[in-house]
1. Among the residues of the stretch 146-190, write down those that are under 13 Å from the mean Cα position of the chain (by Cα) and of a type in the set (S, T, N, Q).
2. Might you check whether a residue that is more than 30 Å from the chain's Cα centre (by Cα) and not aromatic (Phe, Trp, Tyr) occurs anywhere in the stretch 81-90?
3. Restrict the check to the stretch 210-226 and report whether at least one residue is surrounded by 20 or more Cβ atoms within 10 Å (Cβ to Cβ), part of a loop (DSSP other than H, G, I, E, B) and not assigned by TED's automatic domain parsing to the domain that holds Thr54.
4. Conditions first: (1) within 22 Å of Asn249 (Cβ to Cβ); (2) touching an Asp or Glu at 6+ places or on another chain (Cβ under 6 Å). Ala212 passes all but one, so which condition is the exception?
5. Could you check Arg161 against (1) of a type in the set (D, E, K, R); (2) without any contact (Cβ under 8 Å) to a residue 60 or more places away in the chain; (3) assigned to a helix (DSSP H, G or I) and say which number it fails?
6. Look through the stretch 145-166, keep the residues that are in contact with a Lys or Arg (Cβ under 9 Å, 6 or more places away or on another chain) and not small (Gly, Ala, Ser), and return whichever of them is surrounded by the fewest Cβ atoms within 10 Å (Cβ to Cβ).
7. Quick one: Tyr5 ticks every box in (1) modelled with pLDDT under 60; (2) under 25 Å from Asn271 (Cα atoms) except a single one, so which number is it?
8. Kindly evaluate Asp189 against the criterion of being without any contact (Cβ under 8 Å) to a residue 12 or more places away in the chain and surrounded by fewer than 19 Cβ atoms within 10 Å (Cβ to Cβ).
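The values are calculated or read from the model by the stated rules, or taken from the named source; none is laboratory data. Since the model is a prediction, treat every value here as computed from it, not as a measurement. Glycine gets a Cβ as well: all are built from the backbone with ideal geometry, and neighbour counts include every protein chain shown.
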Amino acid sequence: MTKVYALTAALMTGIVLLLANPLCYAELVEGQAVIENGDIGKAREAAMRDAMRTFVERQVGIHVQSTSEVAMNMVVSDRIITRSDGYVQINQIVSGEAVGGIYVVKLDLTADSQKIDTAISDLKGRLEAIDSQNTSRSGIQVAVTGRNENGGAKSTADLMRYVQSKLEDAGFRVEINDEVSAYMDSHPDLDSVAVSAEIRRLSRNTQEGANALLRGTLSTMSVSREGKYAKAMVKASFELIGFETSTANSYVDLFTAVAPTEREAIQKAENMATQKAVEALSQKALKTVQAEFQGGVKNLKMTTIFYGITNRSTQGEQIRQGLNAAGCRIIRSSYARDGSFRAYLESSSYSTVEELKNAILQNVGMGLQEGNENENAMGARKLYFTF
């Protein structure tokens, strides 16, 4: 039993033990986890984490007054479970055993309601402050779709709101893109190159100040029964796509969860998958924002298209010289079938794309004018010019 308590202390470091404060909401909570490759110790730890999460979500839920705050419930629970602020005390490990391929543990837990109230209040204030900030520098769109075990579309509204709240808690301004979500719901093959390009086009044309899209698919791969428990496996496929650059970060992983009912098991696996995906990609998004804005300038990589070419030799050379004078490095260039000159370039001299566009017009000269934007173009945002 001493070893079990030692494991508990190590596993739950930072979540427990404020015995001096008045505590409330005592409860016996069961947690379950799949035993993978016969590793009982790993399954025991996972089951204990599952019990802690279940307990914390219940207690946070008691303080949530409306269904619109369900997403915030999940974000607060994430924060409580990962921080050492003494929200929860483990009174006793009542039982723990392997039941077939599942490890089941029962914990006697107590929560500090005052600290939970404070955590909820702090998060509300933080999200309200972020929402009031008028900045497009760190705007992200969100679109999440779900697939049941038969491949059919399923509602992910709650999870989209959770992703939104999670990213806002990380400091981003976030918008849910209903148009992209509806498009994703209606297309079964989201790995198709054409579908991916159309998703990017739709999101780019409805960006309203955002500069990236976080799109995700949660697919139920399998659901089965093991004794009195249900086991569900969910695949998370998420991608963070930039509008003004060609940067993209992906996250793909499988998550298995156990619960008394199939619906609960699927929901638990989806929650786990979404949490891990957003945490991984929000960190990459933060690094991208920090890298793109250094000293007030933006690191841009984008395609420029020049129409009205009548003399490739003269105008092509003038374009190259003008781009160089504007502080742009041409990564690659070519002539398209329609006669246009296309240059994929990099620049770190401007705070906005508009400033870059004006610098190109000024430095290339030769009667160069701003061209019409092609909203049907695939991929990232492009700059269009014409002679």
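1. Gln164, Ser165
2. Yes, because at least one residue in the stretch 81-90 is more than 30 Å from the chain's Cα centre (by Cα) and not aromatic (Phe, Trp, Tyr).
3. Looking through the stretch 210-226, at least one residue is surrounded by 20 or more Cβ atoms within 10 Å (Cβ to Cβ), part of a loop (DSSP other than H, G, I, E, B) and not assigned by TED's automatic domain parsing to the domain that holds Thr54.
4. (2)
5. (2)
6. Of the stretch 145-166, the ones in contact with a Lys or Arg (Cβ under 9 Å, 6 or more places away or on another chain) are 145-148, 153-154.
Add one more test, that the residue is not small (Gly, Ala, Ser), and what stays is 145, 147-148, 154.
Details: Thr145: 25, Arg147: 21, Asn148: 13, Lys154: 16.
Per the criteria, the residue is Asn148.
7. Going through the list (1) modelled with pLDDT under 60; (2) under 25 Å from Asn271 (Cα atoms), Tyr5 breaks only (2).
8. Against the criterion (without any contact (Cβ under 8 Å) to a residue 12 or more places away in the chain and surrounded by fewer than 19 Cβ atoms within 10 Å (Cβ to Cβ)), Asp189 qualifies.
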